[in-house]
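The values are calculated or read from the model by the stated rules, or taken from the named source; none is laboratory data. In this text the structure is predicted, and so the values were computed from the model without any measurement. Cβ sites come from the backbone with ideal geometry, for glycine too, and all protein chains shown count toward neighbours. With ligands, DNA and RNA removed, areas are computed over all heavy atoms of the protein, side chains included. Shrake-Rupley method; radii C 1.70, N 1.55, O 1.52, S 1.80 Å.
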Amino acid sequence: MKSLVKFLATLALAAFLPLAPTAQAQDGGTLKIGFGGALLGDTASYGLSNLYGIEYAAAQVNAKGGLLGRQIEIVTEDDSCRPDLAPEAALKLANQGLKLIMGHTCSGATRSALSSYNNRVILISSSATEVALTEDGASPYFFRTTPRDDAQATIQLKYMKQKGYKKVAILHDKGDYGIALAEKMQNDIKADPGDIQIVLFQGITSGEVSYDDVVSLLRQNEAEVLIWGGYYSDASKLIMQMRDKGLTTVVIGPDGLYNPSFITLGGTAVEGSVATGQADLSNSEAAKAAIADHNTRHTEEIGPYFFYAAGAAQALFAAVEKAGTADDLDAIKKHLTEDTVETVMGPVRFDAKGDVIGAAFALYEIKDGNFSEIKMD
Amino acid sequence: MNFFLDLFMSGLTKGSIYALIALGYTMVYGIIALINFAHGEIYMIGAFTALLASMVLGSLGLSGWGLLLSVAAIAAVYSAMYGWTVERVAYKPLRGSSRLAPLISAIGMSIFLQNYVQLAQSPNFLVFPDLVPQIDFLAPVARYISRTQLVILLFTVFSMVGLTVFIKFTKMGMAMRAVAQDQTMARLAGVNIDKVISATFVIGSILAALGGVLIGCSMRQISFYIGFIAGMKAFTAAVLGGIGSIPGAVVGALILGFAESFAAGYVSSSYKDVVAFIILIIILIFRPEGIMGQAQTQKV
Amino acid sequence: MTNPSSSQKPGRAILAEIKAGLLASLWICLLAFPLMTLEINPSSHTISFSASRLPFLAGATFVLAILWRFFLRRRAFQGVSKAVLKSEGLPEGLIKGPKPTWLTVVMGSRFRYPVLAILLGFMALLPFVSPPYLVNVMVKALIYVSLGLGLNVVVGVSGLLNLGYVAFYAMGAYTYALLGQYLGLGFWVCLPLGALVATLMGLLLGFPVIRLSGDYLAIVTLSFGEITRLVLTNLDITRGPRGISNIRPAGFFGLDLNGPIKDFLVANLGVDKDMDINKILTYFIILGLVILTIICVFRLENSRLGRAWLAMREDEVACQAMGINKTRAKLTAFALGSTWAGLAGVVFASHLSFINPTIFSFMESIMILSIVVLGGMGSIPGVILGALVLIVLPEQLRAFSQYRMLIFGALMVLMMVFRPGGLIQSAREVYLHKLGGQDGPQGGPAGGAARIEALNGAGRPVEGDGRG
């Protein structure tokens, strides 16, 4: 026992020594690109869909001889989407001398990671949607390919007015992504209500065993349409239980629902639901090739952030290639904001704040198990 | 009135789902006074095994009640094996040490099993097939109660009664009660303690697995993380009812279910968990040993 | 598990071990069979079979099973020797006290102060010579040390199982975040305020729940933790799940640490050029807080109140019979524990600069509890080691990327199984042996046995286990 304590104590002390990763300059070998995000925990699927997109973009470049003549290697660190774990992941990446990092997955974790990077790296997120991340202008080297939280309410509200819905229920999953969407919608309606009346505005608990009580609430308030702020797994469960109980309220959701998994999970119940999403990629050859490639590598369905991530990585690689350096942040930033790059998610260029330009939203309705675009004037 | 009835039914469903898992918690606690944190994970593994089994058996052409029953049987066997192994590895070597040591190793086990399933299967939500066949006579009242809810309710009542009979009238049940009362005395009286504790875990795990199958049918999607949320609620319910008491677990679960449901309906679903937890605290302040728990006089 | 005769025929014993190992690995493979071989393809809704992972699993479990049995047997033999000692009523065992560990040896010797000074010097130098990542990890580890020491007062010393400790941590963090955000108050004003808020909440919760014992107390505190998190999520003033960002780091007499001071430090002391000097300040603040906590807890444990807590942990009824005011003892334990959580919370908020309610989840309470139990309940060095292990270990395991938490969970089980009393067990009764003569203070083998049990320390139940 004594020796065991001694052993453990020595271990604990010795543990700190290798903790100090040596800041090494990038050698002539591979070009390391960092990825920080959720690879473990309950949000792992979102993080992995980001990672797969980046891996796809890297594999494409590597097959053509690499970037600046070097093969790209992706270094991953997990933050489990937790703001308290993100600084360690961020510093671990930054301390290896990485200058180009993709991530992080969730807004909260991105927020606390940004203060750890302290403007030392180019950070491109493909799933952090909180408005303030770019809006506050505090992070000149932060970019994102995902549209911001505030971009979706406008088109959804327009659709509701066109359809003539009057009684609206707004529900969110109490997560940072969901609540931002819900509140933006609430504010937009309050600003210009027209005939629309908000009958319900509440948060529900994500991952619950049953949403029957929420279904009763919707029925009681006679909501014609439900605006959902959150991801597809809770939404599909909620909609299924609504349909089980014979409730026909139309559901309009954010890009968190624009995902094949939503239809797979919801089955026939989600038929007729509406989601905002990125411009239709079904006719794009590049997107088709990416989907085919994804399906040969992974058994799971293509994730919600795959295209945003692949697009972000392709834009970054193009900017690095043009800048001719992987270390000069300002040179890379210049190309990111000045050149438009053709990527699997469409043309990508960033504005001065770091948001992607021209990522217009489209509305999709689920018809016969597929997303079909709703043409609006 | 309809609204009230709706909420009542949803509380009942939720309560019976919590009860299915709470029974396993309360059994283990009753015998060895251990909060088995890995119980929620056993339930999750039951659901995953059921999903895999249903896909294999489904492709072999099985369907209807036959499919449901065989899937449930396979899930029960596997979960029992897992439960038994978890007890052997994480709790048995800790018998006789402080009360908190097995609690921590249970938490370690829970983290391990969650990550094991995430790595072995998938980090995503997976579709769980609706295995409960159509029940025709329910069609007129489908607004209030779905067939899955009915099966869950019936099953909860059935397992509560079954467990009570088992504990009261069988030899193993008697041995369990003896071990619960006094391990040393039970050992002196010739009860094989290891066997009794293993049996407790096996039964608890079977219940969890059946819960996993039924809840999977009701939610129709599962992920490696479902055990944590359901497990915490079920554990709360078990304590509320008086941990160690089998009818207590069901009563506690129903109260929790109703509290959540009515709070969602009449207060706000944003605050329903807050209301449920406040009710729990108030009940425990006035009945510190839980609703059905027996007050224990402490011996010096 | 033990089989003393096996030593006579080593060949057969080895064969038996191999057989047991094979059996175990077969069993694990059987367990893992469906989950690790069948894979679902959700888009096509088909299932595929691949047994490629099984041989590796079988090999690994075979080796692990043999090691497991070996170490368990070693542990069991040690138990036997103690039991033999007990049944024989040997006075030596009683007089010797607990086996000296490297820690007690050092701390008992005249090298105590030099060792402490060297340790302190090392800790003080650390941030100047290490990269930002390491400083960050150290700050976090130290925050958990102080949280662990605070919870140790509640759980380890007083025996009150608190599963909602994170609520008080959140109170501290949010006190600073909100007061800083809305009133512009600085860190140094908020540090005592955060502690005060947490203490008051501890008292508020303490009053109704002191009647409860054991797991009922645990569930009420758990509920309190969850209520706190949910309220923080739902309130507008806390910005709900979006949290509060741009929380200012601690100030240092209004100086801009990242200005000329940083240039000086980088040029002359070899500080990493990417270092945020505020982090170094935070490091020293939390280091000071930990040292203060250690002194306080150490003094408290040996005070009248500390003795009352210990008595309460061992036996509530007996402690009341001794004339100890149980209500007051419980309340002070609760409130004092909360104070440290509040202090740690303020430092944490200033360190992270962003907080949201997801940080203060139930799992966090569990992690802090694990620190206390894994380190050794009631033992100050134990809790420190526990915090370092549980916070640094996941960082160390980053090399295993996706297997990180899998290995972490397994290690938690292993540490508990092989050190059920914690890494460093509480040795509070060390001084007793000086009283004892040949027969010990109470004399007689019965008293001796009880003493040995007490010396073995942490094998105490928390709260009477309700069944007497």
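Side notes on the structure shown:
- In straight-distance terms, cross-link reach from A:Lys32 covers every one of the aspartates and glutamates whose alpha-carbon lies under 16 Å from its own, apart from those fewer than eight places away in the same chain; here that gives A:Glu55, A:Glu73, A:Glu77, A:Glu321, A:Asp327, A:Asp328.
- For the stretch B:18-247, the solvent-accessible area of protein heavy atoms averages 32 Å² per residue (probe radius 1.4 Å; ligands and nucleic acids excluded).
- In summary, the convex hull built on the alpha carbon positions of the stretch B:152-300 has an orientation-averaged projected area of 11.1 nm².
- If R0 equals 30 Å, the separation of the Cβ atoms of B:Ala73 and B:Ile229 corresponds to a calculated FRET efficiency of about 0.70.
- Modelled FRET efficiency - R0 51 Å, B:Ile282 with A:Lys322, Cβ distances, 0.05 increments: 0.20
- Label-to-label distance, C:Tyr403 versus C:Phe71, with points set 7 angstrom from Cα along the beta-carbon direction: 1.6 nm.
- Taking all protein chains together, A:His335, C:His45, A:His104 sort by accessible area into C:His45, A:His335, A:His104, largest first [probe 1.4 Å].
- Listed residues A:Lys64, A:Lys99, A:Lys174, most fluctuating in chain A (Gaussian network, C-alpha, under 10 Å): A:Lys64
- Other residues with beta-carbon under 15 Å from the beta-carbon of A:Val214 carry, at +1 per Lys or Arg and -1 per Asp or Glu, a net charge of -3.
- Carbon/sulfur fraction of accessible area - the stretch A:151-254, other protein chains in place, 1.4 Å, %: 46 percent
- Nearest-20 debye value, the stretch A:151-254 charge dipole, Cβ charges on Lys, Arg, Asp, Glu: 340 debye
- Reference-scaled alpha-carbon Rg (2.2 N^0.38 Å with N residues) for the stretch C:129-418: 1.02
- Two-site label geometry, B:Phe137 and C:Ile291: point separation in nm, points 7 Å out along Cα→Cβ: 7.8 nm
- The magnitude of the dipole of the stretch A:200-306, with charges of +1 and -1 set on the Cβ of Lys/Arg and Asp/Glu and taken from the Cα centre, is near 60 debye.
- Chain B: relative contact order as a whole-number percent, Cα under 8 Å and 6+ apart: 36 percent
- Rounded percent of accessible protein surface that carbon and sulfur make up, the stretch B:18-247, 1.4 Å probe: 69 percent
- Placing a label point 7 Å from the Cα of B:Thr184 along the Cα-to-Cβ direction, the residues of the stretch C:299-341 whose backbone N falls under 17 Å from that point are C:315.
- In this structure, A:Ser372 and A:Glu73 have a Cβ-Cβ separation that, at R0 = 45 Å, corresponds to a calculated FRET efficiency of about 0.65.
- The GluC sites (Glu not before Pro) of the stretch A:171-256 that DSSP puts in a loop, and whose beta carbon has at most 13 other beta carbons within 10 Å, are A:Glu222.
- The angle between the Cα long axis of helix A:86-95 and the main principal axis of chain A comes to about 30°, on a 0 to 90 degree scale.
- Cα convex hull of the protein assembly as shown, projected area averaged across orientations, nm²: 46.1 nm²
- Whole-Å distance, taken between Cα centres, linking the stretch A:302-369 and the stretch B:156-214: 60 Å
- Principal-axis tilt of helix A:2-14 within chain A, Cα atoms, nearest 10 degrees: 90 degrees
- Label-point separation in nm, C:Leu125 to A:Thr340, each point 7 Å along Cα→Cβ: 6.0 nm
- In summary, chain A shows an alpha-carbon radius of gyration equal to 1.06 times the 2.2 N^0.38 Å reference for compact globular proteins.
- Lys/Arg +1, Asp/Glu -1 at C-beta; the stretch C:129-418 dipole; positive extreme among C:Leu178, C:Asn278, C:Gly159: C:Gly159
- Relative protection proxy for C:332-343, C:24-35, B:126-137, from highest mean packing down: C:332-343, C:24-35, B:126-137 (other beta-carbon atoms within 10 angstrom).
- Within the stretch A:162-284, all pairs of alpha-carbon atoms sorted by distance into 10 Å bins from zero give the percentages 13, 48, 33, 6, 0.
- Of every Cα-Cα pair in the stretch B:18-247, the percent that sits beyond 31 Å: 22 percent
- Among the helices of chain B, those built from whole DSSP H runs whose Cα atoms reach 27 Å or more along their own axis and whose mean Kyte-Doolittle hydropathy is at least -0.5 are B:2-32, B:39-59, B:64-86, B:100-120, B:147-169, B:193-219, B:246-266.
- DSSP-defined beta bridges in the protein assembly as shown - what % are antiparallel, rounded to 5: 40 percent
- Alpha-carbon centroids, the stretch C:177-215 and the stretch C:384-411: separation in whole Å: 30 Å
- Within chain A, helix-based [θ] at 222 nm, where runs of 4 or more DSSP H residues each add -39,500 (n - 2.57), nearest 500: -13000 deg cm²/dmol
- Summed buried accessible area for C+B [probe radius 1.4 Å, Å², rounded to 100]: 6300 Å²
- The trypsin sites (Lys or Arg not before Pro) of the stretch B:141-230 that meet both conditions, a loop assignment by DSSP and at most 16 other Cβ atoms within 10 Å of the site Cβ, are B:Arg143.
- Straight-distance candidates among the lysines for linking to B:Lys195, with alpha-carbon spacing under 16 Å and chain neighbours fewer than 8 residues away dropped: B:Lys92, B:Lys171.
- Among C:296-305, C:358-367, the order from most to least packed when residues are scored by Cβ within 10 Å on average: C:358-367, C:296-305
- Dipole magnitude for the protein assembly as shown: computed about the Cα centre from +1 point charges on Lys and Arg Cβ and -1 point charges on Asp and Glu Cβ, it is near 4320 debye.
- By the Kirkwood approach, averaging reciprocal distances over each pair of separate Cα atoms, the stretch B:1-109 gets a hydrodynamic radius of 16.1 Å.
- Filter on A:Lys92/A:Lys353; A:Lys161/A:Lys237; B:Lys14/B:Lys168; A:Lys64/A:Lys353; A:Lys158/A:Lys375 - keep pairs with C-alpha separation over 24 Å: A:Lys92/A:Lys353; A:Lys161/A:Lys237; B:Lys14/B:Lys168; A:Lys64/A:Lys353
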